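**Student:** Quick one: structure below, then a few questions.
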Amino acid sequence: MTAQQDLASKQCEPCRGGVPPMDRAMAREYLVQVPGWSILDNPDRLEREFRFADFRQAQDFAMRVGDLCEAEGHHAEIRYGWGHCAVAFWTHKINGLHENDFVMAAKVGGLADAPYTAPAESMGDVSPTARG
Ligand SMILES: C[C@H](O)[C@H](O)[C@H]1CNC2=NC(N)=NC(=O)C2=N1
């Protein structure tokens, strides 16, 4: 098992604040486990831009990242447009980086590696619960 798989298999632990943000030396050690991500300033954060073939795929990816954030209780800043989606993580409570941010980056990297499947078309009024 690689180090990245190991990080991706962790769960975000509750961060209630009151702990110091990760320093740069430690952050750089974690960074090697999340290929493609960069550390940026103000606030200290992890960021990665993903590329897609069109708007729909970028939007779908943004939604899947959002769903993952909700499931893990740790939330990203997400910006997307035609063919691109930028995802940033930092821990708001400590205004900096925490292991949770790297766990999320590894999980999002795993999402990006998964093959794209187009979302099902809306079924409109023909769903089983529709009246008439
Ligand atoms: C109550 C809840 O656990 C917190 O507000 C969580 C929600 N998601 C979060 N996401 C991020 N990125 N940082 C946080 O500090 C944070 N706090």
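**Student:** Check the range 23-30 and report whether any residue there is away from the ligand (no atom under 13 Å from the Cβ) and within 14 Å of the chain's Cα centre (by Cα).
**Tutor:** no
**Student:** Collect the residues in the range 21-36 that are in contact (Cβ under 8 Å) with a residue 40 or more places away in the chain, more than 16 Å from K10 (Cβ to Cβ) and either assigned to a loop (DSSP other than H, G, I, E, B) or touching a helix residue (DSSP H, G or I) at 6+ places or on another chain (Cβ under 7 Å) (or both), keeping them in residue-number order.
**Tutor:** P21, P35, G36
**Student:** Moving on. If only one of R45, R79, R56, R64 is modelled with pLDDT of 95 or more and within 12 Å of the ligand (Cβ to nearest atom), which one is it?
**Tutor:** Among R45, R79, R56, R64, only R45 is modelled with pLDDT of 95 or more and within 12 Å of the ligand (Cβ to nearest atom).
**Student:** Sticking with this one: Give me the residue from the range 86-102 that is surrounded by fewer than 24 Cβ atoms within 10 Å (Cβ to Cβ) and more than 11 Å from the ligand (Cβ to nearest atom) and, out of that set, nearest to E29 (Cα to Cα).
**Tutor:** E99
**Student:** I would also like to ask the following. Cβ contacts < 7 Å: first residue on the phi > 0 side of the Ramachandran plot, restricted to the range 73-89; second residue within 16 Å of the ligand (Cβ to nearest atom) and in a loop (DSSP other than H, G, I, E, B), any location; separation 6+ or different chain. Result?
**Tutor:** Hits for this filter: G73/C12.
**Student:** Quick check: is even one residue across the range 55-74 assigned to a loop (DSSP other than H, G, I, E, B) and in contact with a Gly (Cβ under 9 Å, 6 or more places away or on another chain)?
**Tutor:** no
The values are calculated or read from the model by the stated rules, or taken from the named source; none is laboratory data. What you see is a predicted model; the values in this text were computed from it and never measured. Positions of Cβ are backbone-derived with ideal geometry, glycine not excepted, and every protein chain shown enters the neighbour counts.
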